Amino acid sequence: MVAYHRPIPERRERGGAGDSAKGGLGDGLLNAWVQAEKMIQIALMLPSAAFIGWLAGYGLDRWLHQTWMATAGIIFGIVAGLVGAIRMAMFYGADPALNRPDKNGSETGKSAKTGDSGTAR
């Protein structure tokens, strides 16, 4: 499984000495921006994947002198975009305890539960 990282970690994950238990107005605003970034990332996945699929198909059309590969590229891009958007939405909607990275930077509890790798971490 591909791990999607959060570019801005949440305040409770930092655990520094200066962090307060309740957080102020800035924490709520930062959290809102992080949530908005997640939704924008999911929303841009489908059109960008369709465009990249079309671009690859168009290039293959020109190179191999065919006429159907651009259409196949768009379809492949849409399917890939939907799969990516659904995976991201499932990841962001999962239990927050499972989304936190451990000390090594990998997701905790994911590979041991899903069986993606042969060994449990």
**Message:** Cβ neighbours within 10 Å, averaged per peptide: list 86-94, 71-79 in order, most packed at the top.
**Reply:** 71-79, 86-94
**Request:** First measure r as the distance between the Cβ atoms of ASN31 and MET90, then evaluate 1/(1 + (r/R0)^6) with R0 = 25 Å and state the FRET efficiency to the nearest 0.05.
**Result:** 0.75
**Request:** Calculate, for GLN41 and VAL79, the FRET efficiency according to 1/(1 + (r/R0)^6) with r their C-beta to C-beta distance and R0 22 Å; round to the nearest 0.05.
**Result:** 0.75
**Item:** Karplus 3J(HN,Hα) series, Hz, for region 78-87 with 6.51 cos²θ - 1.76 cosθ + 1.60 (x for Gly, Pro)
**Value:** 5, 5, 5, x, 5, 4, x, 5, 5, 5
**Message:** Rounded, prolate or oblate for region 44-94? Axes are the square roots of the Cα gyration tensor eigenvalues, ordered a ≥ b ≥ c, and the cut-off for rounded is a/c under 1.5.
**Reply:** prolate
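Only the coordinates and a few stated rules stand behind these numbers; no lab work does. Remember, predicted model here, so these are calculated numbers, not experimental data. Backbone-built Cβ (ideal geometry, glycine too); neighbour counts: all protein chains shown.
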